Amino acid sequence: MTGIGEEPDGATPLDPDELEGLKFKHVTTRGELNALEQANVESGLIWLGRRRKNDVLSEEFVRELHRRLFGDVWNWAGTFRQTEKNIGVDPVQIGMQLRMLLDDARYWAEHGTYPPLEAAARFHHRLVQIHCFPNGNGRHARIMADEYLRHCFDHKPIDWAAGHDLMNENKRRDEYIAALRAADAQNFSLILNFVGADSFDA
Ligand SMILES: Nc1ncnc2c1ncn2[C@@H]1O[C@H](COP(=O)(O)OP(=O)(O)O)[C@@H](O)[C@H]1O
Ligand SMILES: [Mg+2]
């Protein structure tokens, strides 16, 4: 499967076992895979828009959302990663780290620890840093952050792409990855700027 391994900087390559989980065996290029995933993400967003429940800070929802976004393409969608990646905690730590993050995010919302966009940016960063799934973590965690804003802060979603395609190399993606790397080093100013958390909105 030439081409599928050609990821932009800041993406996590799939290992052979994970590639085995691809439900479309004819896929040969990254472009084809992106299109299949994109169609799946769109149907997942329709499911999300119709969903009646509003508990977003649960492991069950985190996994269900991933399955709805990627389950037509990957048979491991919605199940936690079992392999080490260049990004992410040790796979055995995922469940516990996620529980701590969901507890923290609930606490931030209940106590007004951070303004909404800062809470969402911190939530997003921690979620991609845990890297729950073999792939799709960035897209899933951006939607999770928007759902956190909506349900816990009654706040509009973040304009992540700002007219660009965050899945391909461009200036916006470079800024996004640079902001996450700064946040890895506990410097949150770039990610706050990226999500538009300027003083009066934040
Ligand atoms: N240094 C980093 N720290 C935290 N998260 C990162 C870092 N670099 C990249 N990421 C996140 O990981 C995502 C890539 O992981 P991946 O599972 O391939 O997601 P997707 O398939 O949705 O792009 C990026 O979109 C970004 O959200
Ligand atoms: Mg990816």
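Quick one: how many residues across segment 130-179 are touching a His at 6+ places or on another chain (Cβ under 9 Å) and basic (Lys, Arg)?
The number of residues fulfilling the criteria is 4.
Return the residues of segment 35-49 that are closer than 17 Å to ILE4 by Cβ and surrounded by 15 or more Cβ atoms within 10 Å (Cβ to Cβ); say none if nothing qualifies.
LEU36, GLU37, ASN40
Among the residues of segment 117-132, what is the count of those that are more than 16 Å from ligand 1 (Cβ to nearest atom) and surrounded by fewer than 22 Cβ atoms within 10 Å (Cβ to Cβ)? I'd like the intermediate steps shown before the answer.
Here is the first cut: in segment 117-132, the ones more than 16 Å from ligand 1 (Cβ to nearest atom) are 117-119.
With surrounded by fewer than 22 Cβ atoms within 10 Å (Cβ to Cβ) added as a condition, the list becomes 118.
Of the residues in that region, 1 qualify.
Taking segment 133-153 on its own, how many of its residues are of a type in the set (Lys, Arg) and away from ligand 2 (no atom under 16 Å from the Cβ)? Talk me through it step by step, then tell me what you get.
Going residue by residue through segment 133-153, those that are of a type in the set (Lys, Arg) are 139, 142, 150.
So of that shortlist, the ones also away from ligand 2 (no atom under 16 Å from the Cβ) come out as 150.
Of the residues in segment 133-153, 1 are of a type in the set (Lys, Arg) and away from ligand 2 (no atom under 16 Å from the Cβ).
Go through the residues of segment 166-188 one by one and say whether even a single one is more than 30 Å from ARG30 (Cα to Cα), polar (S, T, N, Q) and either more than 16 Å from ligand 2 (Cβ to nearest atom) or surrounded by 19 or more Cβ atoms within 10 Å (Cβ to Cβ) (or both). Let's see the steps before the verdict.
First, pick out the residues of segment 166-188 that are more than 30 Å from ARG30 (Cα to Cα): 185-188.
Right, trim to polar (S, T, N, Q) and you get 186-187.
This time we only want the ones that are either more than 16 Å from ligand 2 (Cβ to nearest atom) or surrounded by 19 or more Cβ atoms within 10 Å (Cβ to Cβ) (or both), so: 186-187.
Within segment 166-188, one or more residues are more than 30 Å from ARG30 (Cα to Cα), polar (S, T, N, Q) and either more than 16 Å from ligand 2 (Cβ to nearest atom) or surrounded by 19 or more Cβ atoms within 10 Å (Cβ to Cβ) (or both).
Values in this text are rule-based calculations from the coordinates and carry no lab data. Predicted, not measured: the structure shown is a model, and the values here were computed from it. Reconstructed Cβ throughout: ideal geometry from the backbone, glycine too, with neighbour counts over all protein chains shown.
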